[in-house]
1. Determine the dipole magnitude for the chain: charges of +1 sit on the beta-carbon of Lys and Arg, -1 on that of Asp and Glu, nothing else is charged, the reference point is the Cα centre, and the result goes in debye to the nearest 20.
2. Choose one of I9, I81, Q52: the residue whose Cα lies farthest towards the positive end of the charge dipole of the chain (beta-carbon charges +1 Lys, Arg; -1 Asp, Glu; about the Cα centre).
3. With axes computed from alpha carbons, what is the tilt in degrees of helix 16-28 against the longest principal axis of the chain, rounded to the nearest 10 within 0 to 90?
4. Under 24 Å between C-alpha atoms is the cut-off here; go through segment 44-100 and count lysine pairs that meet it, provided they're at least eight residues apart or on different chains.
5. Can you give the calculated 222 nm mean residue ellipticity of the chain, where each DSSP H run of n ≥ 4 adds -39,500 (n - 2.57) and the sum is split over every residue, rounded to the nearest 500 deg cm²/dmol?
Amino acid sequence: MNIKELKKIANSDIPEELMKSAIINSLARDENIITLVMKILDQERQLKKEMQQEMNLLLSKAHLGLEKKELNEDGFMQKEILEFYDKYKENVSHCFKNKK
């Protein structure tokens, strides 16, 4: 992968569609692109697996906090949920927030 070429393309003033095309063309010339794409996909799978495990744990905690109010003293669950959304803010969207 030619990082210098990709930087040059990304920092250019060309329209976004042309930029995407130029980046794809640059990557297509790389003989190792399949290996790189596989690494990217593997990292994405790992992130999704981690998020799912944390969501399951968080949902279980929330369920207990709803059933047994004493387990949610001092807003413990709210803090846990806020931490989760903050940690994964680039990967999860909140279904009740209006997107503008």
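1. Details: 18 positive and 18 negative charges, 42 e Å.
Around 200 debye, computed over the chain.
2. The one lying farthest along the dipole's positive direction is I9.
3. 80 degrees
4. Pairs that pass both the separation and distance tests number 27.
5. Calculated from helices alone, the mean residue ellipticity at 222 nm is -23000 deg cm²/dmol.
Any read-out appearing in this document is the output of simple, stated calculations on the displayed coordinates, not a laboratory observation. Since we're looking at a predicted model, the values are computed, not measured. A quick note on method: Cβ atoms are made from the backbone with ideal geometry, for glycine too, and the neighbour counts reach across all protein chains shown.
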